[in-house]
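In what follows, a single structure is set out as structure tokens and then discussed.
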Amino acid sequence: MLDTKSILEVLRPVQDPELQKSLVELNMIRNVAVDGSKVSFTLVLTTPACPLREFIVEDCQNAVKKLPGVESVEVEVTAETPQQKSLPDRQSVPGVKNIIAVSSGKGGVGKSSVAVNIAVALAQKGSKVGLLDADIYGPNAPNMLGLSSAKVMVKQGAQGEILEPAFNYGVKLVSMAFLIDPDQPVIWRGPMLNGIIRQFLYQVDWGELDYLIVDMPPGTGDAQLTLAQAVPMAGAVIVTTPQTVSLLDARRGLKMFQQLGINLLGIVENMSYFIPPDMPDKSYDLFGSGGGEKTAQELKVPLLGCVPLEISLREGGDQGIPIVVAEPESSSAIALVKIAEQVAAKVSIAAFA
């Protein structure tokens, strides 16, 4: 006889591939219903950007179809992003479930481009996403998100002035670029940098967010230290190029986050190879090859993906249209979407660890 109990029992051996735990035990199978020979239920994933969504659905359907009398199985897929664990010595940002730093050991490796496209890719998958441009001295995220002329609104809150973030492509954005003139340099010492980053964390109306991506300045300085000591973080992503000089600095940045007790989600190798627009079947290793993979293996952290260098990727950043929006079928966009999925998956693993 088909009933909820028998269906849950046959689904109990089916595991989340990332968490390696039973879907039933994780309460990811809900609203089981039987209508004659038709079975339906809701599958609640840990992120809308789950890279193994289709495989999990197929495993569930195959398991239920083994029951006598079942002719069809309908699976409704939703997601509930888990809240990162709180820490007693760090203050969470209200409404923000997971804070992810995107950092690099040196400038010029495309860190901001990676951060912007990860944020947009997660939003495209259905997540609620914010982007905090913590590169106070070189705030470029507004231009890359098509928000260079946007103005942030200031309103009065219970604890003083609150910034209303700008919004485009499904991503809420706050940046120093909104508060200064385009050609105005920011000539600040550490304490002032510390203050503005904390303001961007706690005095912004972020609302409810699954992920807050923080575009860090290059290096291992005040901004990284402030963020690591202020909030409980879901993890950090290190961006590098295959070039030896970049990899040396990336290792230092990676070690810094490890020393601060921050979970390393992995390494992104940007500018892995160049694809000529008139010869899309060819590629050239302008900055060397295999450096990101070798570094990831040596330091025992995941290689999240390799992003090729394409002219359209640069054009998208200059024109304010991220490549995952402008040319979603391009090699770089496909790579960035997969990286966003890997980041989301590893954040979920960290939340359940």
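The values are calculated or read from the model by the stated rules, or taken from the named source; none is laboratory data. All values derive from a computational prediction rather than experimental measurement. Positions of Cβ are generated from backbone atoms using ideal geometry, with glycine treated the same way; all protein chains shown enter the neighbour counts.
Would you mention how many residues in region 1-25 are under 25 Å from residue 339 (Cβ atoms), in contact with a Ser or Thr (Cβ under 8 Å, 6 or more places away or on another chain) and either among the hydrophobic types (A, V, I, L, M, F, W, C) or outside any strand (DSSP E or B) (or both)?
Looking only at region 1-25, we keep the residues that are under 25 Å from residue 339 (Cβ atoms), and these are 15-21.
Of the ones still in play, those that are also in contact with a Ser or Thr (Cβ under 8 Å, 6 or more places away or on another chain) are 15-16, 18-19.
Now drop any that are not either among the hydrophobic types (A, V, I, L, M, F, W, C) or outside any strand (DSSP E or B) (or both), which leaves 18-19.
Selection size over region 1-25: 2.
Would a scan of region 261-273 turn up a residue that is over 20 Å from residue 339 (Cβ atoms), under 20 Å from the mean Cα position of the chain (by Cα) and modelled with pLDDT of 85 or more?
So in region 261-273, the residues over 20 Å from residue 339 (Cβ atoms) come out as 261.
Going one step further and asking which of them are under 20 Å from the mean Cα position of the chain (by Cα), we end up with 261.
If we keep only those that are modelled with pLDDT of 85 or more as well, we get 261.
Yes; the residues of region 261-273 include at least one that is over 20 Å from residue 339 (Cβ atoms), under 20 Å from the mean Cα position of the chain (by Cα) and modelled with pLDDT of 85 or more.
Can you tell me which condition residue 177 does not meet? The list is (1) surrounded by fewer than 22 Cβ atoms within 10 Å (Cβ to Cβ); (2) part of a helix (DSSP H, G or I), and all the others hold.
Result: residue 177 passes all but (1).
Here is a check on your reading of the model: is residue 106 of a type in the set (Lys, Arg), over 30 Å from residue 221 (Cβ atoms) and surrounded by 15 or more Cβ atoms within 10 Å (Cβ to Cβ)? Break it down stepwise before answering.
Values: of a type in the set (Lys, Arg): yes; over 30 Å from residue 221 (Cβ atoms): no; surrounded by 15 or more Cβ atoms within 10 Å (Cβ to Cβ): yes.
No: the conditions fail for residue 106.
(1) part of a loop (DSSP other than H, G, I, E, B); (2) more than 29 Å from residue 344 (Cα to Cα); (3) touching an Asp or Glu at 6+ places or on another chain (Cβ under 8 Å); (4) among the charged types (D, E, K, R): which one isn't true of residue 155, the others all being true?
So residue 155 meets the others, but not (1).
Quick check on my filter: what residues within region 191-207 are in a helix (DSSP H, G or I) and either in contact (Cβ under 8 Å) with a residue 60 or more places away in the chain or hydroxyl-bearing (Ser, Thr, Tyr) (or both)?
Step one: of region 191-207, the residues in a helix (DSSP H, G or I) are 191-202.
Correct list: 196, 197, 200, 201, 202.
Take the residues of region 158-174 that are in a strand (DSSP E or B) and either among the hydrophobic types (A, V, I, L, M, F, W, C) or over 18 Å from residue 196 (Cβ atoms) (or both): which is farthest from the chain's Cα centre (by Cα)? Spell out the reasoning first.
Here is the first cut: in region 158-174, the residues in a strand (DSSP E or B) are 160-164, 166-168, 171-174.
Remaining after also requiring either among the hydrophobic types (A, V, I, L, M, F, W, C) or over 18 Å from residue 196 (Cβ atoms) (or both): 162-163, 166-168, 171, 173-174.
Values: 162: 25, 163: 23, 166: 19, 167: 17, 168: 17, 171: 12, 173: 14, 174: 17 Å.
Applying the filter and picking the extreme gives 162.
Every residue in region 31-46 that is in a loop (DSSP other than H, G, I, E, B) and buried (at least 17 other Cβ atoms within 10 Å of the Cβ), please. Spell out how you get there, then give the answer.
Restricting attention to region 31-46, the residues satisfying the condition of being in a loop (DSSP other than H, G, I, E, B) are 36-37, 46.
Within region 31-46, just 46 meets the criteria.
One line per residue, one yes/no per condition, for (1) surrounded by fewer than 16 Cβ atoms within 10 Å (Cβ to Cβ); (2) under 18 Å from the mean Cα position of the chain (by Cα):
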position	(1), (2)
15	no, no
24	no, no
48	no, yes
56	no, no
68	yes, no
80	yes, yes
88	yes, no
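Within region 251-283, which residues are touching a Ser or Thr at 6+ places or on another chain (Cβ under 8 Å) and small (Gly, Ala, Ser)?
253, 272
Hey, can you tell me all the residues within region 244-271 that are touching a helix residue (DSSP H, G or I) at 6+ places or on another chain (Cβ under 7 Å), of a type outside the set (Val, Ile, Thr) and assigned to a loop (DSSP other than H, G, I, E, B)?
Matches in region 244-271: 260, 263.
Please enumerate the residues belonging to region 161-174 that are charged (D, E, K, R) and surrounded by 17 or more Cβ atoms within 10 Å (Cβ to Cβ). Break it down into steps so the answer makes sense when it comes.
Residues of region 161-174 charged (D, E, K, R): 161, 164, 172.
Scanning region 161-174 gives a single hit, 172.
Here is a check on your reading of the model: is residue 301 touching a residue at least 12 places away in the same chain (Cβ under 8 Å) and not in a helix (DSSP H, G or I)? Outline the logic, then answer.
On the way: touching a residue at least 12 places away in the same chain (Cβ under 8 Å): yes; not in a helix (DSSP H, G or I): yes.
Judged against the criteria, residue 301 is a match.
When you go through 268, 301 one by one, which is the residue that is crowded, with 22+ Cβ neighbours inside 10 Å and under 29 Å from residue 223 (Cβ atoms)? Walk me through how you get there before you give the answer.
Numbers: 301 fails: crowded, with 22+ Cβ neighbours inside 10 Å.
After ruling out the rest, the residue left standing is 268.
Could you check, for region 327-343, whether at least one of its residues is of a type in the set (A, V, I, L, M), more than 23 Å from residue 287 (Cα to Cα), within 19 Å of the chain's Cα centre (by Cα) and surrounded by fewer than 23 Cβ atoms within 10 Å (Cβ to Cβ)? Before you say what the answer is, go through the steps one by one.
Filtering region 327-343 for residues of a type in the set (A, V, I, L, M) gives 333-337, 339-340, 343.
If we keep only those that are more than 23 Å from residue 287 (Cα to Cα) too, we end up with 340, 343.
Those still in the list that are within 19 Å of the chain's Cα centre (by Cα) too: 340, 343.
If we keep only those that are surrounded by fewer than 23 Cβ atoms within 10 Å (Cβ to Cβ) as well, we get none.
No, region 327-343 contains no residue that is of a type in the set (A, V, I, L, M), more than 23 Å from residue 287 (Cα to Cα), within 19 Å of the chain's Cα centre (by Cα) and surrounded by fewer than 23 Cβ atoms within 10 Å (Cβ to Cβ).
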